[in-house]
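As structure tokens, the structure follows; a few thoughts come after it.
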């Protein structure tokens, strides 16, 4: 179920499905590196203004699903207008700043984004842009990212995708329940 906070800026209602903490796993296939499984934590928050704050941390996983090393961190801000056009500004820990534009699909929680502008530090390595597709599917957040390539026959190549589940905090449920016993045992008597 998608909850719309009462203090959410009205322009952001179509993006309400993104709000919250998400965690899951995916596959990363960066150019020049060995393909690996990764874990990811994503948070979308708001403070009442007309944007969502976005933070993502990902890390490489070993064959047992244990954290091996950090993979990538991103932070940014998402906006949407009345025509369902989306603007994102994002910074990556590798020294890359991006402006993304896209749109939300009609009548479904799906977002298609493409980079419009990229600025990078010399140490960031080659990167010229990409595309991302986000979708809310049966209560889960799924996404796939593609990188621009210099190959005219293959202008984009998939490099990361993940399946994330919403992190549920039981204290959020408990605050809505009235007259709970303090010891937790009286409930069962």
With each run of n ≥ 4 DSSP H residues scored as -39500 (n - 2.57), what mean residue ellipticity at 222 nm is computed for the chain after dividing by its residue count and rounding to the nearest 500 deg cm²/dmol? -500 deg cm²/dmol
Report the rotationally averaged projected area of segment 116-171 based on its alpha-carbon convex hull, in square nanometres. 6.4
Distance histogram in 5 Å bins (all Cα pairs of segment 1-83, percent per bin): 3, 14, 21, 17, 14, 11, 11, 7, 2, 0
FRET efficiency, residue 114 to residue 137 (Cβ-Cβ, R0 22 Å, nearest 0.05): 0.55
At a temperature of 10 °C and a viscosity of 1.306 mPa s, determine how fast the chain diffuses translationally according to Stokes-Einstein, using the Kirkwood radius over alpha-carbon pairs as Rh; express D in µm²/s, rounded to the nearest whole number. 87
Just for the chain, what percent of DSSP beta bridges are antiparallel, to the closest 5? 100
Looking at the chain as a GNM with Cα springs under 10 Å, which of 112, 169, 140 has the largest mean-square fluctuation? 169
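Throughout, read-outs are computed from the coordinates displayed, never taken from laboratory work. A quick note: this is a predicted structure, and the numbers were derived from the prediction, not measured. When we count neighbours, we look across all protein chains shown, and the Cβ atoms used for this are built from the backbone with ideal geometry, even at glycine.
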